[in-house]
Amino acid sequence: MDSEFRRSWDDTGTPGVDESQIDVHAWYVAGAYRIVKRLQVGSYYSHYWVNFPIANLTPAGIGHSDDKVVTGQVDINRYFNIKIEGHFIDGYGYPAVSPIGFYYANNPNGLQNDTKALVVKGGFNF
């Protein structure tokens, strides 16, 4: 099991002129279980919320990101492993102010409220 909470507040500029305030809350909780010697399964949930009071955060998807993840890891031997992750993401934060991996330049048709991703990773320990 693992978890973390983070909050940051950025208040810059001159009030009423070029004021910029960003309030960010982020947390996650994760867990994993080794079923047999070489197979581990797990899951985690991360929540990211940003408030940018100067902007109007009315469109769906802006201002938050909730990532639900299921994982499986196979240890090939004591040095190498392969991990597969399935991500089910709701929202995309606030890309222009505090990007969390979603960028308008990479998505010319606009950002989607829901994102699904399959990630395959290879790792090694020494």
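Which count do you get for residues in region 77-95 that are loosely packed, with under 13 Cβ neighbours inside 10 Å and touching a residue at least 24 places away in the same chain (Cβ under 8 Å)?
The qualifying residues number 3.
From the list Tyr94, Tyr104, Tyr79, pick out the single residue that is over 23 Å from Trp9 (Cα atoms), modelled with pLDDT under 85 and not polar (S, T, N, Q). Give the steps one after another, and end with the answer.
Values: Tyr94 fails: over 23 Å from Trp9 (Cα atoms); Tyr79 fails: modelled with pLDDT under 85.
Tyr104 is the lone residue from the list that is over 23 Å from Trp9 (Cα atoms), modelled with pLDDT under 85 and not polar (S, T, N, Q).
Please indicate, with yes or no, whether at least one residue in region 43-60 is touching a strand residue (DSSP E or B) at 6+ places or on another chain (Cβ under 8 Å), modelled with pLDDT of 85 or more and more than 23 Å from Ser8 (Cβ to Cβ).
Yes; the residues of region 43-60 include at least one that is touching a strand residue (DSSP E or B) at 6+ places or on another chain (Cβ under 8 Å), modelled with pLDDT of 85 or more and more than 23 Å from Ser8 (Cβ to Cβ).
Give the number of residues within region 103-126 that are free of Cβ contacts under 8 Å to residues at least 12 places away in the same chain and within 15 Å of Asp66 (Cβ to Cβ).
Final tally of qualifying residues: 0.
Go through region 11-36 and count every residue that is surrounded by fewer than 13 Cβ atoms within 10 Å (Cβ to Cβ) and at pLDDT below 95.
9
The values are calculated or read from the model by the stated rules, or taken from the named source; none is laboratory data. All figures in this text were calculated on a predicted structure; none of them were measured in a lab. Positions of Cβ are generated from backbone atoms using ideal geometry, with glycine treated the same way; all protein chains shown enter the neighbour counts.
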